[in-house]
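The values are calculated or read from the model by the stated rules, or taken from the named source; none is laboratory data. Predicted, not measured: the structure shown is a model, and the values here were computed from it. Note that each Cβ is placed from the backbone with ideal geometry, even for glycine, and that neighbours are counted across all protein chains shown.
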Amino acid sequence: MTFFTSATPQGAQPAFGLSQNGRAGMQMLGSIQKFASTRLRSTARANFEGAEAGAALHEEHVDGASDRHSVADRVKRAKAVAYADPVFRLERFFQRYVAEENFNRGIPAIEERRSQFEAFLVPGGTGRGRLQLDPTIDPPAYHARTEWHLEPGGWDGYDLYGPLFAFAVGPHVFRHGGYAAVGPGTDITRQRIDAVRQLPRERYERIYEPGCGGVSTFRAIAAVHPEAELAGCDLSPLLLRNGHLLAERQGIQVDLKQCDATATGEPDASVDAVVTYALHHELPPKENAALFREMFRILKPGGDIVLSDPPPFRAVDIFHAVVLDWDTDHREEPFFSASCLADWGVELAGAGFTQVEAYAIGPDGYPWITRARKPETVQ
Ligand SMILES: C[S@@+](CC[C@H](N)C(=O)[O-])C[C@H]1O[C@@H](n2cnc3c(N)ncnc32)[C@H](O)[C@@H]1O
């Protein structure tokens, strides 16, 4: 998720929104998503664990080797068991259907009221934050060739993606949870706050978020650490423009810059904390290693880093590992499985961080937190 998923403060009535027809279409997708991820998925899980091969794999995953190759092989064998079950396949069919229809139905619903939603994007607000775009930046090849999450044209493929998520997909579909690593019935706004709370200190002067997208996580950071100066980057100009606009409108002062998170241009030792949210599974493993080195460079000695991303396969049951793995090939998430096989704690230690901890703060291992500290003295 990259944009604000609800632009309306709780309890307030929006000044405008989708037509009744547009809303009904999105609500139907929300109901399908909910039914698939609750009733159908729990039946598929029971079928998997009730099958002799599934039960054996479940036990093996609990007790077995947790190195990358053993886990990858186990997930491959579990896939064969799960995919043989028509209930699992139907659940996955609905997942894919909803993921596509979010755009097939959502974009026409926004287009029906284009002028209203264009007006939503008119700048206005405090004028305190900063937006630095750089038209000379070419996105890395892996970024440009993917239609992330099946979004036509990728992150920047449709000028009204901001309103699409804020008024259609967010409030009517995503609010039920139950897609990708997000558990059914869980609330990603709440999860962002919970993730930010994993920063161990009470106060920070400057907090940085690489891959900040449309500033949803900055909203959580500003709520938990109102004292902190905020800065972040993203590759997508569309997301940054939307994020800047909404931050200004909501009184959140944030310095946003278009750049690759592996080369931020921030001075050495210039931030007290780094928070990431839903970023690492979007990058190839090699890029993540470069990203951790860059975050180590810009953090002050003693600074904290908190990563929040989908869980590793080794930390969830084997049926859920198959569910996570599915996103790689079926929801345009090319690095999802690679990131579930990675160990961000080991990668952070490799970049020089110490006091590494990794744990889940929600059901099904999500959000999965990895946190660490830059040592006071760097050798
Ligand atoms: C799933 S979104 C999460 C956005 C945001 N962190 C949030 O909480 O909503 C992932 C974001 O990472 C950005 N991204 C991916 N690769 C990047 C890179 N190498 N440098 C900077 N941003 C990147 C994408 O453009 C996208 O906005």
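Six or more apart or on different chains, Cβ under 6 Å: which pairs go from a residue in segment 198-216 that's closer than 27 Å to residue 132 by Cβ and part of a loop (DSSP other than H, G, I, E, B) to one that's near the ligand (Cβ under 6 Å from one of its atoms) and among the hydroxyl-bearing types (Ser, Thr, Tyr)? Could you list them?
Final answer for the pair search is 213/2; 214/2.
Would you check which residues across segment 343-361 are out of contact with any helix residue (DSSP H, G or I) (no Cβ under 6 Å at 6 or more places or on another chain) and closer than 18 Å to residue 279 by Cα and list them? Show your work before the answer.
To start, the set of residues in segment 343-361 that are out of contact with any helix residue (DSSP H, G or I) (no Cβ under 6 Å at 6 or more places or on another chain) comprises 343-346, 349-350, 353-355, 357, 359-360.
Within segment 343-361, 343, 344, 345, 346, 359, 360 qualify.
Between a first residue in segment 46-61 that is closer than 10 Å to residue 319 by Cβ and a second residue that is in a helix (DSSP H, G or I) and among the acidic types (Asp, Glu), which pairs have beta carbons less than 7 Å apart while being 6 or more apart in sequence or on different chains?
Listed pairs, sorted by first residue: 58/49.
Going by what's in this entry, would residue 251 be described as part of a loop (DSSP other than H, G, I, E, B) and at pLDDT below 95?
yes
Within segment 155-167, is there a residue that is assigned to a loop (DSSP other than H, G, I, E, B), at pLDDT below 95, on the phi < 0 side of the Ramachandran plot and under 17 Å from the mean Cα position of the chain (by Cα)?
Within segment 155-167, one or more residues are assigned to a loop (DSSP other than H, G, I, E, B), at pLDDT below 95, on the phi < 0 side of the Ramachandran plot and under 17 Å from the mean Cα position of the chain (by Cα).
Each row is one residue, and each column tells you yes or no for (1) free of Cβ contacts under 8 Å to residues at least 12 places away in the same chain; (2) crowded, with 19+ Cβ neighbours inside 10 Å.
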site: 165; (1), (2): no, yes
site: 173; (1), (2): no, yes
site: 185; (1), (2): no, no
site: 226; (1), (2): yes, no
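Among the candidates 92, 96, 74, which residue alone is over 13 Å from residue 330 (Cβ atoms), assigned to a helix (DSSP H, G or I) and touching a helix residue (DSSP H, G or I) at 6+ places or on another chain (Cβ under 9 Å)?
Result: 74 is the single residue among 92, 96, 74 that is over 13 Å from residue 330 (Cβ atoms), assigned to a helix (DSSP H, G or I) and touching a helix residue (DSSP H, G or I) at 6+ places or on another chain (Cβ under 9 Å).
So which strands (runs of 3 or more DSSP E) are wholly in segment 290-379 and hold at least 1 residues that are buried (at least 21 other Cβ atoms within 10 Å of the Cβ)?
299-309, 368-373
For segment 244-256, state whether one or more residues are touching a Gly at 6+ places or on another chain (Cβ under 9 Å) and more than 22 Å from residue 132 (Cα to Cα). Lay out the reasoning, then the answer.
Taking segment 244-256 and keeping what is touching a Gly at 6+ places or on another chain (Cβ under 9 Å), we get 244-256.
Then drop every residue that is not more than 22 Å from residue 132 (Cα to Cα), which leaves none.
Within segment 244-256, none of the residues are touching a Gly at 6+ places or on another chain (Cβ under 9 Å) and more than 22 Å from residue 132 (Cα to Cα).
Give just the number: which of (1) of a type outside the set (Phe, Trp, Tyr); (2) crowded, with 21+ Cβ neighbours inside 10 Å; (3) in contact with a strand residue (DSSP E or B) (Cβ under 6 Å, 6 or more places away or on another chain) does residue 206 not satisfy?
It is condition (2) that residue 206 fails.
Select from segment 229-241 the residues that are near the ligand (Cβ under 9 Å from one of its atoms), farther than 25 Å from residue 300 by Cβ and not aliphatic (A, V, I, L, M) and list them in ascending order.
Within segment 229-241, just 236 meets the criteria.
Which one is farthest from the chain's Cα centre (by Cα) among residues in segment 362-376 that are closer than 22 Å to residue 204 by Cα and not charged (D, E, K, R)?
Within segment 362-376, the match that is farthest from the chain's Cα centre (by Cα) is 375.
If a residue has to be of a type outside the set (D, E, K, R), in contact with a helix residue (DSSP H, G or I) (Cβ under 8 Å, 6 or more places away or on another chain) and assigned to a helix (DSSP H, G or I) to count, how many in segment 32-68 make the cut? Even if it seems obvious, please write down each step before you answer.
Within segment 32-68, the subset of a type outside the set (D, E, K, R) is 32-33, 35-38, 40, 42-44, 46-48, 50-51, 53-58, 61-62, 64-66.
When the remaining residues are screened for being in contact with a helix residue (DSSP H, G or I) (Cβ under 8 Å, 6 or more places away or on another chain), the result is 32-33, 35-37, 40, 43-44, 47-48, 51, 53-55, 57-58, 61, 64-66.
When the remaining residues are screened for being assigned to a helix (DSSP H, G or I), the result is 32-33, 35-37, 40, 43-44, 47-48, 53-55, 57-58, 61.
So the answer is 16.
Answer yes if at least one residue in segment 219-233 is under 26 Å from residue 144 (Cα atoms) and part of a loop (DSSP other than H, G, I, E, B), and no otherwise. Steps first, please.
First, pick out the residues of segment 219-233 that are under 26 Å from residue 144 (Cα atoms): 231-233.
Filter once more, keeping what is part of a loop (DSSP other than H, G, I, E, B): none.
Within segment 219-233, not a single residue is under 26 Å from residue 144 (Cα atoms) and part of a loop (DSSP other than H, G, I, E, B).
Checking residue 244 against (1) touching a residue at least 24 places away in the same chain (Cβ under 8 Å); (2) within 14 Å of the ligand (Cβ to nearest atom); (3) over 23 Å from residue 96 (Cβ atoms); (4) under 18 Å from the mean Cα position of the chain (by Cα), which single condition isn't satisfied?
Among (1) touching a residue at least 24 places away in the same chain (Cβ under 8 Å); (2) within 14 Å of the ligand (Cβ to nearest atom); (3) over 23 Å from residue 96 (Cβ atoms); (4) under 18 Å from the mean Cα position of the chain (by Cα), residue 244 violates only (4).
Return the residues of segment 118-142 that are touching a residue at least 40 places away in the same chain (Cβ under 8 Å) and over 23 Å from residue 246 (Cβ atoms); say none if nothing qualifies.
140, 142
Among the residues of segment 176-195, what is the count of those that are touching a helix residue (DSSP H, G or I) at 6+ places or on another chain (Cβ under 8 Å) and more than 10 Å from the ligand (Cβ to nearest atom)?
So the answer is 13.
Filtering segment 247-271 down to residues that are within 10 Å of the ligand (Cβ to nearest atom) and without any contact (Cβ under 8 Å) to a residue 40 or more places away in the chain, which residue is nearest to residue 196 (Cα to Cα)?
Among those that are within 10 Å of the ligand (Cβ to nearest atom) and without any contact (Cβ under 8 Å) to a residue 40 or more places away in the chain, it is 262.
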